[in-house]
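Quick notes on the structure that follows.
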Amino acid sequence: VQLQAFGGGLVQAGGSLRLSCTASGRTFSSYGMGWFRQAPGKEREFVAGITRYGGMLYYADSVKGRSTISRDNAKNTVYLEMNSLKPEDTAVYYCARRREDSSSWYSRYMDYWGKGTQVTVSS
């Protein structure tokens, strides 16, 4: 399985970005998908998660109300739309596939990771 995240970039505070992550393989809809981020000098943290068919959505408090996770199983793609971006949102954003046997969004329960896409928010 390969995950490819893209859509990052440089944006001013208050702006918006839409990240995408495309997965290889034919079992995309069998797995929950998550977005994580890692800022310089900080640990990787959970941002948002979506269950297999999009029935349940989960968000970190830091992005709740400003971000929307969604997926298109026909395109093997998961999205993260972020609005009202803040400088503290600056990080490398990673998409990840959750283990089939897990209901947790801790990073140790993800079995595949994309390479990440840089998001930089200027003040």
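The values are calculated or read from the model by the stated rules, or taken from the named source; none is laboratory data. All of these numbers come straight from a predicted model, not from anything done at the bench. So basically every Cβ, Gly included, is an ideal-geometry build from the backbone, and we count neighbours across all protein chains shown. Note: accessible area is taken over every heavy atom of the protein model, side chains too, but ligands, DNA and RNA are not part of it. Shrake-Rupley method; radii C 1.70, N 1.55, O 1.52, S 1.80 Å.
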Exercise. Pop a pseudo-label 7 angstrom from the Cα along the beta-carbon direction at both Arg66 and Ala39 and give the gap in nm to one decimal.
Key: 1.0 nm
Quiz item: Put a dot 7 Å past each Cα toward the Cβ at Ser122 and Ser103; how far apart are the dots in nm?
Solution: 4.6 nm
Self-check item: Within the accessible area of the chain (1.4 Å probe), percent carbon and sulfur
Solution: 46 percent
Quiz item: In debye to the nearest 20, how big a dipole does region 35-123 give about its Cα centre with +1 on each Lys and Arg Cβ and -1 on each Asp and Glu Cβ?
Solution: 120 debye
Practice problem: Note down the Stokes-Einstein diffusion coefficient of the chain in µm²/s, whole number, using a Kirkwood radius over alpha carbon pairs, 4 °C, and 1.567 mPa s. | Solution: 92 µm²/s
Self-check item: Segment Gln4-Asn83, extension gain: residue separation times 0.36 nm, minus the distance between their alpha carbons
Solution: 26.3 nm
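Please give the peptides 89-97, 57-65 ranked by average Cβ packing (other Cβ atoms within 10 Å per residue), highest first, as a rough proxy for protection. Can you show the working numbers first?
Values: 89-97: 22.9, 57-65: 13.8.
So the peptides 89-97, 57-65, ranked by packing, come out 89-97, 57-65.
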Self-check item: Per residue accessible area of the chain, 1.4 Å probe, in Å²
Solution: 54 Å²
Practice problem: Would you mind computing, in nm to one decimal, how far apart the modelled labels at Gln12 and Ser24 are, each placed 7 Å from Cα along Cα→Cβ? | Solution: 4.1 nm
Quiz prompt | Stretchable slack from Tyr53 to Asp111, in nm (0.36 nm times residue separation minus alpha-carbon distance) | solution = 19.0 nm
Practice problem: Go ahead and set up a Gaussian network model of the chain, Cα springs under 10 Å, then flag whichever of Arg108, Arg18, Arg66 fluctuates most. | Solution: Arg108
